[in-house]
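The values are calculated or read from the model by the stated rules, or taken from the named source; none is laboratory data. Computed from a predicted structure; not experimentally measured. Methodologically, a virtual Cβ is constructed for each residue, glycine included, from the backbone with ideal geometry; neighbour enumeration extends over all protein chains shown.
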Amino acid sequence: MKGCILPLTKLVPPPHFSNAINFKSFPFPIVPSPLLSSHPFNPHLFSLAAQQPHPQQQLPEHDDEAEEENFQVLTAMKTDYNDILIVDTPKSRVLLLDSSHSVHSILYKEHKWTGSYWDEFASLPAVVPKGPIAILGLGGGTAAHLMLDLWPSLQLDGWEIDQILIDKARDYFGLADLEKTTEGGGILNIHIGDVFIPSEDLHKRYAGIVVDLFSNGKVLPQLQEVSTWLELNKRLMANGRFMVNCGGVDGGPRAMDGSTDTEILSSDESWLLNPALKALSKAFPGQLSWKRMPKENGENFMALTGPLPDMESWSKSVSSPLSISVKDWRPCELVPRILS
């Protein structure tokens, strides 16, 4: 998928926001222009790699002179949990959170496909038992939009810790529409709370659980602990599965000789670079698969618990482009020469 650089018109972030917009949980390619460092709180110019099209579409060729587009900050505010910044563009609406200004949700105006890890979550209903699915880390509801579009009878429970964020997502990301029953009987039920603190609502058993929990651009540290996954596993019904956005590389494994050079790993071993995947492999030995998103789509590591699904059957049960991408899953294989 080709991209081009489009200049943004001037945006004015409030003083409590940092200058740069970074993309840790999904490196959506907005980058600050050189003007940022010299004019920290004045109107800024940003450049944005072109909005990603539907994965089956191609971007048109652009002239050397970049096309001008207008960008608008819809809301910018600080809550007890987040710095919230919602930006509207001619092609999409983007939710950025916390001091890292990481992209937590994106909603395209002409299609629901994102070309990134959110799309992968929509393949989960095909490989779990019939039953409700939970999303831990709902954000602006990118995954929920796509899942209910592809699976209109799906019963979704979305969990988010920040009530104000949910209110803004209802206003700007169409979340309120998902809270209405579809013609197929599907619906999104929203819960406000900390998913790691037991509650009556969390006693419910799920056929599948999507986990997309980030703070300051990094996977929550709890997800790097085996005990967390063993506790969360109690919320799955028999043969249920987790599908997890594990983020990117965060430090390397240590070899027997003490080396941490990433060159010691083959492509099949690169999942060991991700702490959340390593914790999952210990919590679910022999019952974990992984994939890594392509570089142009974020390079996030993804995890899926349970036996490796039959790829042909899975591929036939989901829409394109998922019918192709699900074939990239592979089992996590432990490497004896790498210390735990």
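Within the stretch 93-189, which strands (runs of 3 or more DSSP E) (wholly inside it) include 1 or more residues that are hydroxyl-bearing (Ser, Thr, Tyr) and touching a residue at least 60 places away in the same chain (Cβ under 8 Å)? Please lay out each step first, then the result.
Details: elements: 102-108, 133-136, 155-160.
The qualifying strands (runs of 3 or more DSSP E) are 102-108.
Which of the following residues is in the same structural domain as THR75 (by TED's automatic domain parsing), more than 29 Å from SER313 (Cα to Cα) and modelled with pLDDT under 95: VAL195, VAL103? Quick ask: steps written out before the conclusion?
On the way: VAL195 fails: in the same structural domain as THR75 (by TED's automatic domain parsing).
Of the residues listed, the single one that is in the same structural domain as THR75 (by TED's automatic domain parsing), more than 29 Å from SER313 (Cα to Cα) and modelled with pLDDT under 95 is VAL103.
How many residues does the stretch 117-130 contain that are among the small types (Gly, Ala, Ser) and surrounded by 23 or more Cβ atoms within 10 Å (Cβ to Cβ)? First the steps, then the outcome.
So the first thing to find is which residues in the stretch 117-130 are among the small types (Gly, Ala, Ser), and the list is 122-123, 126.
Pick out the ones that are also surrounded by 23 or more Cβ atoms within 10 Å (Cβ to Cβ) and you get 122-123.
Residues flagged as among the small types (Gly, Ala, Ser) and surrounded by 23 or more Cβ atoms within 10 Å (Cβ to Cβ) within the stretch 117-130 amount to 2.
Hey, among the residues in the stretch 67-90 that are surrounded by fewer than 15 Cβ atoms within 10 Å (Cβ to Cβ) and farther than 22 Å from ASN216 by Cα, which one's modelled with the lowest pLDDT?
Among those residues, the one meeting the criterion is GLU67.
Got a sec? Which of SER313, SER281 is over 21 Å from GLN222 (Cα atoms) and assigned to a helix (DSSP H, G or I)? Talk me through it step by step, then tell me what you get.
On the way: SER281 fails: over 21 Å from GLN222 (Cα atoms).
Testing whether each residue is over 21 Å from GLN222 (Cα atoms) and assigned to a helix (DSSP H, G or I) leaves just SER313.
Select from the stretch 288-310 the residues that are in a loop (DSSP other than H, G, I, E, B), of a type in the set (Asp, Glu) and more than 12 Å from the chain's Cα centre (by Cα) and list them in ascending order. Walk me through it before giving the result.
As a first pass, look at the stretch 288-310 and keep what is in a loop (DSSP other than H, G, I, E, B): 293-294, 298-300, 306-310.
Cutting the leftovers down to of a type in the set (Asp, Glu) gives us 299, 310.
Listed by number, the list holds a single entry, ASP310.
Quick check: anything in the stretch 209-225 assigned to a helix (DSSP H, G or I), polar (S, T, N, Q) and touching a residue at least 12 places away in the same chain (Cβ under 8 Å)? Even if it seems obvious, please write down each step before you answer.
As a first pass, look at the stretch 209-225 and keep what is assigned to a helix (DSSP H, G or I): 221-224.
With the extra rule that they be polar (S, T, N, Q), the set shrinks to 222, 224.
This time we only want the ones that are touching a residue at least 12 places away in the same chain (Cβ under 8 Å), so: 222, 224.
Yes; the residues of the stretch 209-225 include at least one that is assigned to a helix (DSSP H, G or I), polar (S, T, N, Q) and touching a residue at least 12 places away in the same chain (Cβ under 8 Å).
Just to check your reading of the model, which residue among ILE209, ILE187 is of a type in the set (A, V, I, L, M, F, W, C) and surrounded by 21 or more Cβ atoms within 10 Å (Cβ to Cβ)? Give the steps one after another, and end with the answer.
Numbers: ILE187 fails: surrounded by 21 or more Cβ atoms within 10 Å (Cβ to Cβ).
Testing whether each residue is of a type in the set (A, V, I, L, M, F, W, C) and surrounded by 21 or more Cβ atoms within 10 Å (Cβ to Cβ) leaves just ILE209.
Could you list, ordered by first residue, the pairs with Cβ atoms under 6 Å in which the first is in the stretch 69-90 and closer than 22 Å to GLU110 by Cβ and the second is polar (S, T, N, Q) and buried (at least 17 other Cβ atoms within 10 Å of the Cβ), at least 6 apart or interchain?
PHE71/THR89
Each row is one residue, and each column tells you yes or no for (1) more than 23 Å from TRP151 (Cα to Cα); (2) crowded, with 22+ Cβ neighbours inside 10 Å.
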residue	(1), (2)
ASN274	yes, yes
PHE284	yes, no
GLU296	yes, no
PHE301	yes, yes
PRO309	no, no
TRP314	no, no
SER317	no, no
LYS327	no, no
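Residues are listed down the side, and each one gets a yes or a no for (1) under 21 Å from ASP98 (Cβ atoms); (2) of a type outside the set (D, E, K, R); (3) assigned by TED's automatic domain parsing to the domain that holds LEU97:
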residue: LEU146; (1), (2), (3): no, yes, no
residue: TRP151; (1), (2), (3): no, yes, no
residue: GLN155; (1), (2), (3): no, yes, no
residue: GLY158; (1), (2), (3): yes, yes, no
residue: GLN163; (1), (2), (3): yes, yes, no
residue: ASP171; (1), (2), (3): yes, no, no
residue: GLY185; (1), (2), (3): no, yes, no
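Would you be able to tell me the number of residues in the stretch 301-340 that are modelled with pLDDT under 90 and in contact with a helix residue (DSSP H, G or I) (Cβ under 9 Å, 6 or more places away or on another chain)?
Adding up the residues that qualify gives 6.
Search the stretch 297-325 for residues that are closer than 24 Å to HIS104 by Cβ and pair each with any residue that is among the acidic types (Asp, Glu) and assigned to a helix (DSSP H, G or I) when their beta-carbon atoms are under 8 Å apart and the residues are at least 6 apart or on different chains.
Listed pairs, sorted by first residue: MET302/GLU120; PRO321/ASP119; LEU322/ASP119; LEU322/GLU120; SER325/ASP119; SER325/GLU120.
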